[in-house]
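Quick note: the coordinates plus some simple rules give every number you see, no bench work behind them. Here the structure is a predicted model, which is why all the values come from computation and not from measurement. So basically every Cβ, Gly included, is an ideal-geometry build from the backbone, and we count neighbours across all protein chains shown.
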Amino acid sequence: MNSYRDLLVWKAAIELAVQCYEATKAYPKSETYGMTSQIRRASVSVAANIAEGHGRDGTGLFVQFLRVAQGSLKELETHLILSQRVGLLDESRLQPLMAQCDEIGRMLRSLIRSLQDKQ
């Protein structure tokens, strides 16, 4: 693995961020600095922490950043659920995003276990 860009979990996180940007385009302008910003920042944070951790020296630091990515993913899920509950996001749009979150969560857990087994 030469680059974080080779990681399937990073690629999936980038796609999730793209989908979140698309979903929030329909949010009202009054949410620009509210929920729109929160969702976009959390979604970007997942991929960014995977990349940053990969660039650090040592497996322990990489695992630490992968855990931060997991936290950002849970934050994102919370924002998405709340968006649906307050009428900003349709259920039909929420479910695919949540499915992507679930898949990325599994991938992160698997990568963390794999790295810890090698220590």
Only residues that are among the basic types (Lys, Arg) and more than 17 Å from LEU73 (Cα to Cα): list them for segment 1-56, please.
-> ARG5, LYS25, LYS29, ARG56
Out of the residues in segment 3-40 that are surrounded by 17 or more Cβ atoms within 10 Å (Cβ to Cβ) and aromatic (Phe, Trp, Tyr), state the one that is nearest to ARG93 (Cα to Cα).
-> TYR27
Flagged in segment 60-87 as among the charged types (D, E, K, R) and out of contact with any helix residue (DSSP H, G or I) (no Cβ under 9 Å at 6 or more places or on another chain), in numbering order, are ARG85
Per-region count, segment 27-80, residues of a type in the set (A, V, I, L, M), over 18 Å from ALA12 (Cα atoms) and free of Cβ contacts under 8 Å to residues at least 40 places away in the same chain = 1
